[in-house]
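Data block below; observations after.
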Amino acid sequence: MRLPIAFGRIITRAMSSSTGATTERFLQGRSALITGSTSGIGLGIAKSLAARGCDILLNGFADETVVNRLKNDISSNHGVNVHFFSTDLAKPEELNEMCNSIKSMYPVVDIIVNNAGFQHVSPIDEFPDEKWHDLLEVLLGAPFRLIKAFLPGMKTQNYGRVINISSAHGIIASPNKSAYVAAKHGLVGLTKVVALETAEMNITCNSICPGYVETPIFEFQVKSLAEKESLEYTEAKKKFLSNFHPSKEAVRVTDVAEMTTFLCTDACRNMTGSQITMDGAWTAK
Ligand code: NAD
């Protein structure tokens, strides 16, 4: 039977609230802090959450023109409030200041996405101590500090979502990436502890473990291979990925963003402490 459009809309709305589907603006009235959201995966996540009506707290490095454009684009496209914090997460005192500013605007932050990260590649016997320190602080120390700061607010309302962007390198290792692999494994461990400590509340904590994601850094690596071996870009991409992803396909930024958004739904209230792999079966080997 064909339903009148207005009636159909009511049904769709009712279905989405009972199934927790990611349709419509199911995050209206909520707020999300996404670290490292001035580019790549973090920016994709910010856009996806904003599209569901969520206020967005951006963080990361970018020049003022870029930041203003991002803020305007997200708020005008999705009708949400957007704030930006240029906080260097390698510096705990800056991170504390950011938490205080956020709490003066949003006493409770509903969603935290720990995404900020960078890489340093070097054999361990030459790995600079400062790089080890900063990498561990940004990829693991900052998630610990942010969860510690915002979990009490989540507990007061019996709702919260913590999503840690780990990596396939949170499950397996590659040479020359000691700090990154250690931090990403640590983030998976931190995820499990937070999940256990909040298990009786409607607060969940999960990590997403992507393989290679199609970001500018990935494209740069493929282009270098294409030049080195005189290959077309698509051939070089397949060749590069075949060393890692059995699927020979890269993960898209939007795939990780939609997974993050899905984890915020009511359907995921019992999904906590998980490591969600998105790696074309790399870590299944
Ligand atoms: P990206 O370089 O595009 O973005 C990194 C973000 O982190 C930027 O906004 C940057 O400004 C921010 N950042 C870096 N250092 C910071 C600091 N000290 N303080 C505050 N912000 C800082 O990278 P991406 O590829 O989008 O990666 C995002 C996350 O996903 C990282 O944690 C990365 O380890 C993880 N990841 C990426 C891939 C991939 O293939 N791209 C795969 C698996 C996991």
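Here are some notes:
- Computed extension gain for GLN157 through MET271, at 0.36 nm per residue and net of the alpha carbon distance, reaches 39.2 nm.
- Rounded to 10°, Cα long-axis angle of helix 5-19 versus longest principal axis of the chain: 60 degrees
- A convex hull fitted around the alpha carbon atoms of the range 70-151 yields 111 Å³ per residue.
- Efficiency of FRET between SER101 and THR254 - r from beta-carbon atoms, R0 25 angstrom, step 0.05: 0.25
- Of the residues PRO152, SER167, GLY186, the one whose Cα sits farthest toward the positive end of the charge dipole of the range 140-227, with +1 on the Cβ of Lys and Arg and -1 on the Cβ of Asp and Glu, is PRO152.
- Taking a Cβ cut-off of under 11 Å around VAL121, the surrounding Lys, Arg, Asp and Glu residues balance to a net charge of +1, with basic ones at +1 and acidic ones at -1.
- Viscosity 0.890 mPa s, temperature 25 °C, Stokes-Einstein D of the chain from Kirkwood C-alpha radius, µm²/s: 123 µm²/s
- 0 to 90° range, to nearest 10: angle between helix 216-228 axis and the chain longest Cα axis: 30 degrees
- Shape metrics for the range 104-172, restricted to C-alpha atoms - Rg then Dmax, Å: 15.3, 48
- Angle between the chain longest axis and helix 92-105 axis [Cα atoms, degrees, rounded to 10]: 20 degrees
- The residues packed around ILE102, meaning those with a beta-carbon under 13 Å from its beta-carbon, carry a net charge of -2 if Lys and Arg are +1 and Asp and Glu are -1.
Bear in mind that the values in this text are calculations on the coordinates, not laboratory data. Nothing here was measured: the structure is a model prediction, and the numbers come from that model. Backbone-built Cβ (ideal geometry, glycine too); neighbour counts: all protein chains shown.
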